[in-house]
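Below is one structure; the comments refer to it alone.
The values are calculated or read from the model by the stated rules, or taken from the named source; none is laboratory data. Just so it is clear, the model here is predicted, and its values are computed rather than measured. Cβ placement follows ideal geometry from the backbone for every residue including glycine, while neighbour counts extend to all protein chains displayed.
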């Protein structure tokens, strides 16, 4: 169990890959903060998004309650026999990590019972079976090893849902792969990660009162990426905005947008999708900013199409 | 009990044959020498930084290590083995483990003097009961003989080539053994392969069985990078100590002790000559550089004698 943030995470980029390839069920709190440069320290998602392909399960949290609940579930998810992967539990630096919120805690014994004891099949200090780990592996074996690792990530989706089910029974707090908020009959939707979901929900409620069919999808599990489930939840929208609190500097948009667009391909690939980069380096995002996104979506819906899909939200002129 | 080469050599090997290290390489000889100091009934977790030793002794699906072994990356052998030691202490405290385990990390000079220094320094400072062994072959040999901070001055390497303008590496190597001694750990020592392996054995025994962190710096010649005849491995090691280029000494609980004093201190030329990495120094125009090396070695030797209370 460990914790990190921003440049500390980036410094250990190499170890992230090695830990997941060694199938080590580490649980790590990643308090999302901007990666240098320039040196910044405030919240965005450039740290964990940069690590998205390192073979770690990534679970994001809107609030401190979610961060707490996800961390407890994360231990069991990572240690499950069909998974055996490290888990990164992400939440927004400062915005939630340094916020004072009331949360419901579980009793220590309850948590211990829920998490269970970790009994690895093979381990370095097994007196009955000395083992060697971390070999040099050549083209004769690495390909198959990576395929097995990929299977663990595929298996994780089912396990995440099973663990969430048990967690619900214990606490009454329900978790899925993502949260769909007023999405069922929505025409205008946004996809968002972490604390901005709270801000955006307030905007959705306001718009709903005005009779505008707004909704949102909040990512919980980013790795494994639940592409089919997300596409099914979004496919009936008339216009969609994907909110990225990280730049991938690809020249065409952020990392979340790339995932969402690829998920929609074949299911709703005619849907106009626009991508907003927002909040980099801790730039505050207010309800007015989110309101602007829905206003833009309304325009896009009326028009039925969108050309400039790679946008910055709240950039000073 | 007096040291007996025969007895020591009859102990079962813990790094077995079949690995892919080069003929005439000092590293596996050094590793076997260190591991012989383990009591047969004791278990060990060994680890290695990325380097020749790691890639040649643990090539999936084969391992030459009889004990549990872990490699994670180039720069973190110190952290990796200290983590295994911390896990052992936790499991032992909980009664989940009974046997006695010892923890030994191995790294080349690249993984120790350079890339892994931070990780090593941290492990020593935290006081883990472990040994870190540097098999020092004075350059990044695994990747093709690039200079490291352990490479001696005027050495010809692929990144400090001797040519018309520059005569090999332009900087002195750092004194890692003394840097580790400055951590005030219970035991730090410098050794190499000697004819009876006694120096390596006794220092390894102390390093392994003295409680707390220990560091061993073992000069381990590399026939590819140093360009000597492979059967001359032991001869090169002997010349290194007899010229006082690689003095044998230890620092135990803060006490400095010279463990070998050559009867006749040889000139550095004798050590440089059989190694083609120094070949360019023997051109007429470069002979003054050998003098510079000699002067440096003499100064360092004098300082060491003083520290060891020999003068």
**Positions within the stretch A:8-19 being buried (at least 17 other Cβ atoms within 10 Å of the Cβ) and touching a helix residue (DSSP H, G or I) at 6+ places or on another chain (Cβ under 7 Å), in sequence order** = A:9
**Message:** Here is a list: A:147, A:174. Which entry is loosely packed, with under 15 Cβ neighbours inside 10 Å, within 26 Å of residue A:217 (Cα to Cα) and away from every other protein chain (no Cβ under 14 Å)?
**Reply:** A:174
**Request:** Give me a count of the residues in the stretch A:1-36 that are more than 27 Å from residue A:148 (Cα to Cα) and within 14 Å of another protein chain (Cβ to nearest Cβ).
**Result:** 1
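Looking at the stretch B:255-280 only, could you name the residues that are out of contact with any strand residue (DSSP E or B) (no Cβ under 7 Å at 6 or more places or on another chain) and either under 21 Å from residue B:176 (Cβ atoms) or in a helix (DSSP H, G or I) (or both)? Spell out how you get there, then give the answer.
Step one: list which residues in the stretch B:255-280 are out of contact with any strand residue (DSSP E or B) (no Cβ under 7 Å at 6 or more places or on another chain), which gives B:255, B:260-279.
Passing the criteria: B:255, B:260, B:268, B:269, B:270, B:271, B:272, B:275, B:276, B:277, B:278, B:279.
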**Asked** Is one or more of the residues making up the stretch B:48-63 without any contact (Cβ under 8 Å) to a residue 60 or more places away in the chain, within 20 Å of residue B:183 (Cβ to Cβ) and within 22 Å of the chain's Cα centre (by Cα)?
**Response** no
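Residues checked against (1) buried (at least 19 other Cβ atoms within 10 Å of the Cβ); (2) within 14 Å of chain B (Cβ to nearest Cβ); (3) within 29 Å of residue A:166 (Cβ to Cβ); (4) modelled with pLDDT of 95 or more:
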residue	(1), (2), (3), (4)
A:45	yes, no, yes, yes
A:49	yes, no, no, yes
A:66	yes, no, yes, yes
A:70	yes, no, yes, yes
A:73	yes, no, yes, yes
A:103	no, no, yes, yes
A:131	no, yes, no, yes
A:137	no, yes, no, yes
**Asked** Does residue B:148 fit the bill of being assigned to a loop (DSSP other than H, G, I, E, B) and closer than 20 Å to residue B:21 by Cβ?
**Response** yes
**Asked** When the stretch B:200-224 is examined, which residues are found to be within 25 Å of residue B:268 (Cβ to Cβ) and crowded, with 24+ Cβ neighbours inside 10 Å?
**Response** B:200, B:203, B:216, B:217, B:218, B:219, B:220, B:221, B:222
**Message:** For the condition in contact with a strand residue (DSSP E or B) (Cβ under 9 Å, 6 or more places away or on another chain), in a loop (DSSP other than H, G, I, E, B) and touching a residue at least 40 places away in the same chain (Cβ under 8 Å), what is the one hit in A:189, A:176?
**Reply:** A:176
**Message:** Given the criteria more than 16 Å from residue B:208 (Cβ to Cβ) and crowded, with 24+ Cβ neighbours inside 10 Å, does residue B:116 qualify?
**Reply:** yes
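Looking at the stretch B:242-249, is at least one residue in contact with a helix residue (DSSP H, G or I) (Cβ under 9 Å, 6 or more places away or on another chain), part of a helix (DSSP H, G or I) and surrounded by 22 or more Cβ atoms within 10 Å (Cβ to Cβ)? Break it down into steps so the answer makes sense when it comes.
Step one: list which residues in the stretch B:242-249 are in contact with a helix residue (DSSP H, G or I) (Cβ under 9 Å, 6 or more places away or on another chain), which gives B:242-249.
Checking which are part of a helix (DSSP H, G or I) leaves us with B:242.
Narrowing further to those that are surrounded by 22 or more Cβ atoms within 10 Å (Cβ to Cβ): none.
Within the stretch B:242-249, none of the residues are in contact with a helix residue (DSSP H, G or I) (Cβ under 9 Å, 6 or more places away or on another chain), part of a helix (DSSP H, G or I) and surrounded by 22 or more Cβ atoms within 10 Å (Cβ to Cβ).
Quick grid of which residues meet (1) out of contact with any helix residue (DSSP H, G or I) (no Cβ under 8 Å at 6 or more places or on another chain); (2) assigned by TED's automatic domain parsing to the domain that holds residue A:95; (3) over 18 Å from residue A:52 (Cβ atoms):
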{"site": "A:212", "(1), (2), (3)": "no, no, yes"}
{"site": "A:225", "(1), (2), (3)": "no, no, no"}
{"site": "A:232", "(1), (2), (3)": "yes, no, yes"}
{"site": "A:255", "(1), (2), (3)": "no, no, no"}
{"site": "A:274", "(1), (2), (3)": "no, no, yes"}
{"site": "A:280", "(1), (2), (3)": "no, no, no"}
{"site": "A:291", "(1), (2), (3)": "no, no, yes"}
{"site": "A:307", "(1), (2), (3)": "yes, no, yes"}
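Can you work out which of the residues in the stretch A:112-129 that are more than 13 Å from every other protein chain (Cβ to nearest Cβ) and surrounded by 14 or more Cβ atoms within 10 Å (Cβ to Cβ) is farthest from residue B:103 (Cα to Cα)? Steps first, answer last, please.
Start the filter on the stretch A:112-129 by keeping residues that are more than 13 Å from every other protein chain (Cβ to nearest Cβ), which leaves A:112-116, A:121.
This time we only want the ones that are surrounded by 14 or more Cβ atoms within 10 Å (Cβ to Cβ), so: A:114-115.
On the way: A:114: 34, A:115: 30 Å.
Looking at residues that are more than 13 Å from every other protein chain (Cβ to nearest Cβ) and surrounded by 14 or more Cβ atoms within 10 Å (Cβ to Cβ), I get A:114.
Here are A:43, A:70: which of them is in a loop (DSSP other than H, G, I, E, B), within 20 Å of residue A:191 (Cα to Cα) and in the same structural domain as residue A:123 (by TED's automatic domain parsing)? I'd like the intermediate steps shown before the answer.
Numbers: A:70 fails: in a loop (DSSP other than H, G, I, E, B).
Of the residues listed, the single one that is in a loop (DSSP other than H, G, I, E, B), within 20 Å of residue A:191 (Cα to Cα) and in the same structural domain as residue A:123 (by TED's automatic domain parsing) is A:43.
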**Complete:** If we ask which residues in the stretch B:196-241 are part of a loop (DSSP other than H, G, I, E, B) and over 28 Å from residue B:156 (Cα atoms), their number turns out to be 6
